[in-house]
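What follows draws every value from the coordinates through simple rules; no lab data is involved. Not measured: the values here are computed from a predicted model. For neighbour counting, all protein chains shown are included, and Cβ atoms are generated from backbone atoms with ideal geometry for every residue, glycine included.
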Amino acid sequence: MKIHISIDRQQLDLLNDENTVISSYLISSARKGVGQQRGSFCTPLGMHIIRAKIGENQPINAVFVKRRPTGEIYTPELASRYPGRDWILTRIMWLSGCEIGFNRLGLVDTMRRYIYIHGSPDSAEMGKPGSIGCIRMHNDDLLDLFGRVAVGTPIEINP
């Protein structure tokens with residue numbers, strides 16, 4: 001298995017070993033576009049792997065802060081108490097860059113930038129940029145993808 005993410009199409013494709021697309025999902029990448037620099041709030045490009053999968057036994061809409069479940073379950077009422085919060089829900093797939101000097105190590109390190117594929121509220125619009133760097137997905141799509149990929153799965157993020 002491997003993952004291809006197209007920023008232009010705002011789409012994540014899951015491919016089998018023969019490079020055949022077996023599933024496609026709408027995503028939301030960074031509102032500020034693509035970029036590698038720490039602090040840019042951009043989505044990094046290039047070759048990555050899934051370094052860690054987090055939240056396997058958590059319920060749908062479980063809220064995460066710093067990769068830890070808070071014990072909260074996302075609801076519109078909870079959202080109204082924390083306007084503007086960047087919600088990380090349900091599961092996290094933490095990405096690590098594979099290209100030294102481009103998306104790995106130094107000021108361009110994807111993992112140290114805490115770039116994830118993660119769940120988001122059902123009200124979050126997919127198909128257009130809106131995150132602060134991560135790849136957001138609707139929870140049902142994320143659960144499907146999470147169950148199909150392993151740590152180490154290659155990911156290519158292209159403009």
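At a glance:
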{"read-out": "Any hit, the stretch 14-30, residues being of a type outside the set (S, T, N, Q), free of Cβ contacts under 8 Å to residues at least 12 places away in the same chain and in contact with a Pro (Cβ under 8 Å, 6 or more places away or on another chain)", "value": "no"}
{"read-out": "Members of the stretch 26-54 that are surrounded by 18 or more Cβ atoms within 10 Å (Cβ to Cβ) and on the phi > 0 side of the Ramachandran plot", "value": "Gly46"}
{"read-out": "Of all residues making up the stretch 73-112, the number that are among the hydrophobic types (A, V, I, L, M, F, W, C), in contact with an Asp or Glu (Cβ under 7 Å, 6 or more places away or on another chain) and within 24 Å of Asn158 (Cβ to Cβ)", "value": "0"}
{"read-out": "Any hit, the stretch 131-148, residues being farther than 19 Å from Ser28 by Cα and either touching a Leu at 6+ places or on another chain (Cβ under 7 Å) or part of a helix (DSSP H, G or I) (or both)", "value": "yes"}
{"read-out": "Scan of the stretch 112-129 for residues that are of a type outside the set (Val, Ile, Thr), at negative phi, assigned to a loop (DSSP other than H, G, I, E, B) and touching a residue at least 40 places away in the same chain (Cβ under 8 Å), ordered by number", "value": "Arg112, Arg113, Pro121, Ser123, Ala124, Glu125, Met126, Lys128, Pro129"}
{"read-out": "Total residues in the stretch 74-111, condition more than 14 Å from the chain's Cα centre (by Cα), in a loop (DSSP other than H, G, I, E, B) and not hydrophobic (A, V, I, L, M, F, W, C)", "value": "10"}
{"read-out": "Considering residues of the stretch 10-31 that are within 21 Å of Asp122 (Cβ to Cβ) and assigned to a loop (DSSP other than H, G, I, E, B) only, the residue farthest from the chain's Cα centre (by Cα)", "value": "Arg31"}
